[in-house]
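Taking it in order: structure first as structure tokens, then the write-up.
The values are calculated or read from the model by the stated rules, or taken from the named source; none is laboratory data. Just so it is clear, the structure is predicted and the values come from calculations on it, not from any experiment. Every residue, glycine as well, gets a Cβ built from its backbone with ideal geometry; the counts of neighbours run over all protein chains shown.
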Amino acid sequence: MKVLSLRTGHHASACIVNDGIVENYFKEERYSGVKNDWRIKNISDVIIFNNYVKDIDYFYFDSDEPESVVFVKKHLILAQNTNIKTIKPKRNQHHLYHASIAFYNSGFEKSLVVVIDSSGAYLNDETFECDSIYIAEYPYKFTPIYKHYWTMYNVPNHRQTRYNNGCYEVLTNIFRSGYVNIGNLYNSAAIAIGESVENCGKAMGLAAYGNPIKNFDLLSISARNNINNYFKDHSELIDLLDFDNFTQYNLNITKENYQYYADYCYEVQNQCMNAVIDLIDEYVKKTNITNVCISGGFGMNIVTNYELTQRFPHVNFFFEPMCDDSGLSIGSAMFYYRKISGDNRLMPITTTSYHGHHHNISEYRGITSDFKDIANLLSKDKSVAVYYGKAESGARALGNRSILFNALNPNAKEIVNNIKKREWYRPFAAIVLEEDAHLYFDGVVKNEYMTVSFPVKTDLIPGLAHVDNTCRVQTVTSGHFYDILTEFKKLTGHGILLNTSFNLAGEVLVETPEQAFSTLNRSSLDYLWFCETKQLFKSSF
């Protein structure tokens, strides 16, 4: 059975699930070049022109685009296959689809699924879900036991609670009261450093440079007053922190002005993290369920994810790699496949590298170079962009569209930040042979999707250690990255490298070979390597 899900809105994407497995996935931004693009112009065309519809059994189309656009796109898709059965979209399923992708990817037979973001499904035009906890069971049973909504409407005493069919529901007014929910609070940190709410990861990076602020409560009814008082000399910024305004604050974080903003990010990071820890602690104790999936945009917070593993050693955590909205088309396709088929099979995630097409690179001829040659270049502090197979579908490069550099170089972070044209305070990730990971990181466990950071325990990799002495880690056990690391270890004694996504700041992940060459020649990258054909190209920069 094949299910096609097409979704507009934040991180618009499309997914085809075939008998429970992702067969195709397309993300609008990779075609339009607009990061986090909400439209479906390109991905719907890809589906239509390549006739992916011919053997689809069920079609789910959830769209925020104008009705005229929806009608045309839907008509063109359905015209290719008159036997398709359409699934009627429901407006309040956002967190359900976040929960779905995490649960089915986890391989757990039963689990809690914790979903946290700033704004999920809307119950009406001014009321949105923000935190949800489900008990998930096969084949498609997701029982809500906790739901938190925020609203613009007046609420008596600014916050109401009730039990509704076994679910504890909280409704909070965050516009006319002092309350701020976890997701919107974290958004405020991104806004406060001159970024859009799409760039909360930058706030997390800067938080490591911050210090505590005394008596600074951000999650009680005094939160709004405390935020306004802290930024009292920046009235234009206070206006943007009203949580219904997504305009960016014009600010450049420098090594001279960062502390004031880093301190705010520090408090946001720690208070949000502790709130999530408390929520999970409460519901693990209430349910005695020790399998926990984490999804929703806040699941990208690798610092919190590590802390969860430390606070709850008896809990089995699964952190969904595509926990942001780009995973919603996958989650919805998986959910409806299970609901229609009744399939109870466990099919844990095996990869996130299934975006778009497998591009033909056979026509490109450079210098034939094997794994040993690439390792040799890296040992000599040359930067190498690796292009392999289908691109990663999520936000993090895991080897198919990656830039590699020598992690032993003490200036690695500065060198690669210059290549990427990124902010000075942002950290980089490591790829490491799984069997050697314990040599460099404390408490490290299998982490092939780079969803957790770990403390650095050695001074051998100064280019990877963030200012708080942590690093996001990808452990590797097989494949082309394993072969590169093995050869690098033969040369240097260390099976570890710096890994970052193959793109430049503000640009989407490289998709096509043409984009790969363009990025190579617009940056200070040294080399591009087509892994499958073993062809190496030197920059003309």
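Quick rundown of the values:
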item: Hits in region 431-444 (condition: surrounded by fewer than 20 Cβ atoms within 10 Å (Cβ to Cβ), more than 17 Å from Asp483 (Cβ to Cβ) and touching a strand residue (DSSP E or B) at 6+ places or on another chain (Cβ under 8 Å)); result: Asp442, Gly443
item: Residue count, region 1-13 (criterion: modelled with pLDDT under 95 and not polar (S, T, N, Q)); result: 6
item: Failed item in (1) in a loop (DSSP other than H, G, I, E, B); (2) within 19 Å of Val276 (Cα to Cα), with His95 passing the rest; result: (1)
item: Evaluation of Pro156 against (1) without any contact (Cβ under 8 Å) to a residue 12 or more places away in the chain; (2) at positive phi (one fails), failing number; result: (2)
item: Positions within region 120-141 being in contact with an Asp or Glu (Cβ under 8 Å, 6 or more places away or on another chain) and under 16 Å from Gly327 (Cβ atoms), in sequence order; result: Gly120, Ala121
item: Which listed residue, of Lys232, Lys255, Lys285, is surrounded by fewer than 14 Cβ atoms within 10 Å (Cβ to Cβ), farther than 17 Å from Asn199 by Cβ and in contact (Cβ under 8 Å) with a residue 60 or more places away in the chain; result: Lys255
item: Tally, over region 190-235, of residues that are closer than 26 Å to Asp324 by Cα and either of a type in the set (Val, Ile, Thr) or assigned by TED's automatic domain parsing to the domain that holds Pro427 (or both); result: 3
item: Top-ranked residue in region 142-154 [being closer than 21 Å to Leu218 by Cα and assigned to a strand (DSSP E or B); ranked as farthest from the chain's Cα centre (by Cα)]; result: Thr151
item: Pairs with Cβ under 7 Å, 6+ apart, first in region 479-497 and outside the structural domain of Leu404 (by TED's automatic domain parsing), second crowded, with 17+ Cβ neighbours inside 10 Å and in a helix (DSSP H, G or I); result: none
item: Subset of region 450-469 (residues that are surrounded by 21 or more Cβ atoms within 10 Å (Cβ to Cβ) and of a type in the set (S, T, N, Q)); result: Thr451, Ser453
item: Residue pairs meeting the criteria (Cβ under 7 Å; at least 6 apart or on separate chains; first closer than 14 Å to Thr492 by Cα, in region 361-378; second modelled with pLDDT of 95 or more and of a type in the set (Asp, Glu)); result: Lys372/Glu487; Ala375/Glu487
item: Within region 155-172, considering residues that are outside any strand (DSSP E or B) and touching a strand residue (DSSP E or B) at 6+ places or on another chain (Cβ under 7 Å), the one surrounded by the fewest Cβ atoms within 10 Å (Cβ to Cβ); result: Gly166
item: Sole residue being closer than 16 Å to Thr486 by Cβ and in contact (Cβ under 8 Å) with a residue 40 or more places away in the chain, chosen from Ala407, Ala395; result: Ala407
item: Unmet criterion (only one of (1) in contact with a Ser or Thr (Cβ under 6 Å, 6 or more places away or on another chain); (2) surrounded by fewer than 23 Cβ atoms within 10 Å (Cβ to Cβ); (3) within 14 Å of Thr500 (Cβ to Cβ); (4) of a type outside the set (Lys, Arg)) for Ser379; result: (3)
item: Residue, surrounded by the most Cβ atoms within 10 Å (Cβ to Cβ), within region 291-307, restricted to residues that are more than 22 Å from Glu198 (Cβ to Cβ) and in contact with a strand residue (DSSP E or B) (Cβ under 6 Å, 6 or more places away or on another chain); result: Cys293
item: Residue among Thr458, Thr451 that alone is of a type in the set (Ser, Thr, Tyr), part of a loop (DSSP other than H, G, I, E, B), farther than 24 Å from Cys531 by Cα and in contact (Cβ under 8 Å) with a residue 40 or more places away in the chain; result: Thr451
item: Conditions (1) among the acidic types (Asp, Glu); (2) part of a strand (DSSP E or B); (3) touching a helix residue (DSSP H, G or I) at 6+ places or on another chain (Cβ under 6 Å); number of the one not met by Glu195; result: (2)
item: Which listed residue, of Tyr264, Tyr337, is modelled with pLDDT of 95 or more, assigned by TED's automatic domain parsing to the domain that holds Ser118 and aromatic (Phe, Trp, Tyr); result: Tyr264
item: Pick from region 258-282, criterion of a type in the set (Val, Ile, Thr) and in contact with a strand residue (DSSP E or B) (Cβ under 8 Å, 6 or more places away or on another chain), ranking: surrounded by the fewest Cβ atoms within 10 Å (Cβ to Cβ); result: Ile280
item: Subset tally (residues that are crowded, with 17+ Cβ neighbours inside 10 Å and part of a helix (DSSP H, G or I)) for region 319-368; result: 15
item: Residue satisfying all of: in region 509-541; assigned to a loop (DSSP other than H, G, I, E, B) and out of contact with any strand residue (DSSP E or B) (no Cβ under 8 Å at 6 or more places or on another chain); surrounded by the most Cβ atoms within 10 Å (Cβ to Cβ) among these; result: Ser523
item: Only listed residue being modelled with pLDDT under 90 and buried (at least 23 other Cβ atoms within 10 Å of the Cβ), chosen from Gly183, Gly120, Gly178; result: Gly120
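Each row is one residue, and each column tells you yes or no for (1) crowded, with 21+ Cβ neighbours inside 10 Å; (2) in contact with a helix residue (DSSP H, G or I) (Cβ under 6 Å, 6 or more places away or on another chain); (3) part of a loop (DSSP other than H, G, I, E, B).
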{"position": "Val17", "(1), (2), (3)": "yes, yes, no"}
{"position": "Glu23", "(1), (2), (3)": "no, no, no"}
{"position": "Asp37", "(1), (2), (3)": "yes, yes, yes"}
{"position": "Val46", "(1), (2), (3)": "no, no, no"}
{"position": "Val53", "(1), (2), (3)": "no, yes, yes"}
{"position": "Thr82", "(1), (2), (3)": "no, no, yes"}
{"position": "Phe103", "(1), (2), (3)": "yes, no, no"}
{"position": "Val115", "(1), (2), (3)": "yes, yes, no"}
